[in-house]
1. Considering the chain as a Gaussian network with a 10 Å cut-off on Cα pairs, which listed residue, 54, 89, 13, attains the greatest mean-square fluctuation?
2. In whole Hz and in residue order, list the ³J(HN,Hα) couplings for the stretch 63-80 that follow from phi through the Karplus curve 6.51 cos²θ - 1.76 cosθ + 1.60, θ = phi - 60°; x for Gly and Pro.
3. Work out the length of the dipole vector of the chain about its Cα centre, built from +1 on the beta-carbon of each Lys and Arg and -1 on the beta-carbon of each Asp and Glu, and round it to the nearest 20 debye.
4. Magnitude of the Cβ-charge dipole of the stretch 98-154, K/R +1 and D/E -1, about the Cα centre, nearest 20 debye?
5. Taking the Cα centre of the chain as the origin and placing charges on Cβ (Lys, Arg +1; Asp, Glu -1), which of 99, 114, 128 is farthest toward the positive end of the dipole?
6. Which one, 52, 152, 14, has the greatest fluctuation when you compute a Gaussian network model over the chain with C-alpha springs under 10 angstrom?
7. Can you give me the accessible area per residue for the chain, using a 1.4 Å probe, in Å²?
8. Counting Lys and Arg as +1 and Asp and Glu as -1, what is the net charge of the other residues whose Cβ lies under 13 Å from the Cβ of residue 129?
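The values are calculated or read from the model by the stated rules, or taken from the named source; none is laboratory data. This one's a predicted model, so the numbers in the text were calculated from it and none came from an experiment. Neighbour counts are summed over all protein chains in view; Cβ atoms, including those assigned to glycine, are modelled from backbone coordinates with ideal geometry. What goes into the accessible areas is simple: the full protein's heavy atoms, side chains included, and nothing from ligands, DNA or RNA. Shrake-Rupley method; radii C 1.70, N 1.55, O 1.52, S 1.80 Å.
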Amino acid sequence: MKNIKIISLIIAIIAMILLLHCNISDKESLYTSIGGTFIGFLGAFLIYQVGIMIDEKRKKELEEKNTKYIYQLYKMELEMNISHINGLINKRWTPFYKLKTITRDKLWGELASYSKDLNLMQKLNIIYGEFELINNKFDIMNSVRIHQKNTINQAEQEQLGKELGEQLEGCIGLGKNVIPIIQEGIEILNQQIKR
């Protein structure tokens, strides 16, 4: 499309020069005017092209800056969640918090736009899928804990206590399995940030 416009413009200029050449008797003035116009047009065209190149360079620099910023946000969130998972494994208690997924929830589309690293995208997809499973177990554990406190029947309390223990073990198992994947993801993010 751009080439068609340029070719059309050149044809129009040639046609105008031929028309002027046939109708104007002072050929020297004509050639001087055409030469000056051509030089002016060429200068404007070059300035326009340089402007486009500078604009593209700025856009690329901004995209790289935004990409690194998004990588850093993911890295911070993953490091915080590793800390929470390690606390869960070590303390073996029912947490009142959830693993954070704010960065993924808000910036997944931007990451997909900026990052072309499919390995990183796959790791993050696995990691955040595991976070969802762990968070679901946290919800179940908190619900069981509330129900257990409101139950007077000893047998039902024991049953709920057993369910609470099973969910906790499930969370710990999921946490132990996802930690190496998180560490791989953080390593990939570190490599991307250094570029």
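1. With Cα springs under 10 Å in the chain, the top fluctuation among 54, 89, 13 is at 13.
2. Those phi angles translate into 5, 5, 5, 5, 4, 4, 4, 5, 4, 5, 5, 4, 4, 4, 5, 5, 5, 5 Hz.
3. I would put it at about 280 debye.
4. Values: 9 positive and 6 negative charges, 44 e Å.
For this selection, approximately 200 debye.
5. Farthest towards the positive end: 114.
6. 14
7. Ligands and nucleic acids excluded, the result is 68 Å² per residue.
8. Numbers: positive: 104, 123; negative: 130, 132.
Net of charged neighbours comes to 0.
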